[in-house]
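A short reminder: the numbers here are calculations on the coordinates, not readings from a lab. Only a predicted model underlies this, so the values are computations on that prediction, with no experimental measurement involved. With ideal geometry, Cβ positions are generated from the backbone for all residues, glycine too; neighbour counts draw on all protein chains shown.
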Amino acid sequence: MVAGLLPLIAFAALSVVTIIVLAWYAKKGLDEIFKKPNVEARVYIPTPEELAEDAKKKADAAAAGKAEADRKAADANAAAEMAADDATTILAKAELDCGESGSYGALLKKNGKNKYDRDHIPSKAALQKAALDQLDERQIELTDKQAAVLFGPYGMISKAGATVVTLKNDHRLLSETYGSKNNVAKIEQDAKELQLAAIRDAKAIQNGANEMDAKCQKKYKNSTKKITSKTHAQYISEINAMIDGVRKIPVKK
């Protein structure tokens, strides 16, 4: 009888061992699932140098984005200014001729046919900065009205400035002072030497891959030869004469 029970006893013992083993593995598995992870071992802490480099990259990206936005805004303003000129002269009977020159005020009396721009050489901004420098040097303070007459979009400096009729595409692509290309540093430098600025600006259009035909090329060359012969001292003399003239505008009391 005992011999007959041995198989049952052996089976029962094996079952108990099996259950114990399975229970041990089950517990080990649950421990692996629910145990607290070593967070500190998994989190990477960047070095101060890496943090500084990352900050620099973000700052550079932000600066580049702002510079691009400023460039687009400046170019849009330049295009809007040219469009305004076209709008105010659309009814003029006389038409601009490619390469001709004259004061901005005089050429505003002619129709550009939405084909030409009146390009200040040197730039209007450089002439205005030169005037500001003279006001500072001479310790002159203008009233708001006097300043508007001198520096306004169609003020004395702008209208008196020498301009050359240039094809719109040439002006936009080749000019050294169109829109965003005429930055603060360039304006300040040009204001100190207006003749050199005029020479550079004229060469940029004339020597670039422009769209002017032979007739326009010849006329442009003759026009800019006269403009670039004017010395910086002569420009300053003319600017001071305009300053003296605008100071005669009576001040309201």
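Please work out the FRET efficiency for the pair residue 148 and residue 185, using the Cβ-Cβ distance as r and a Förster radius of 30 Å; give the result to the nearest 0.05.
Calculated transfer efficiency: 0.70.
Alpha carbons only, please: Rg and Dmax for region 47-176, in angstrom.
For region 47-176, the Cα radius of gyration and maximum Cα-Cα distance read 20.1, 71 Å.
Can you compute the charge dipole magnitude of region 159-227 about its Cα centre, using +1 on each Lys and Arg Cβ and -1 on each Asp and Glu Cβ, nothing else charged? Give it in debye, rounded to the nearest 20. Kindly include the intermediate steps, with their values, before the conclusion.
Details: 14 positive and 8 negative charges, 59 e Å.
Taking the Cα centre of region 159-227 as origin, the dipole is about 280 debye.
So which aspartates and glutamates can residue 110 reach, going by Cα to Cα under 19 Å and dropping same-chain residues fewer than 8 places off?
Correct list for residue 110: 81, 85, 86, 95, 97, 100, 119.
Quick check: residue separation of residue 52 and residue 169 times 0.36 nm, minus the Cα distance between them. What number comes out in nm?
Contour length minus Cα-Cα distance gives 37.7 nm.
Along the charge dipole of region 117-190, which of 120, 161, 171 sits closest to the positive end, that is, farthest toward it, with unit charges on the beta carbon of Lys, Arg, Asp and Glu (+1, +1, -1, -1)?
Value: 171.
Calculate the spin-label point distance for residue 43 paired with residue 115, positioning each point 7 Å from the Cα along the beta-carbon direction, and give it in nanometres.
7.1 nm
Evaluate the distance, in nm, between pseudo-label points positioned 7 Å from the Cα of residue 249 and of residue 196 along their respective Cα→Cβ axes.
3.3 nm
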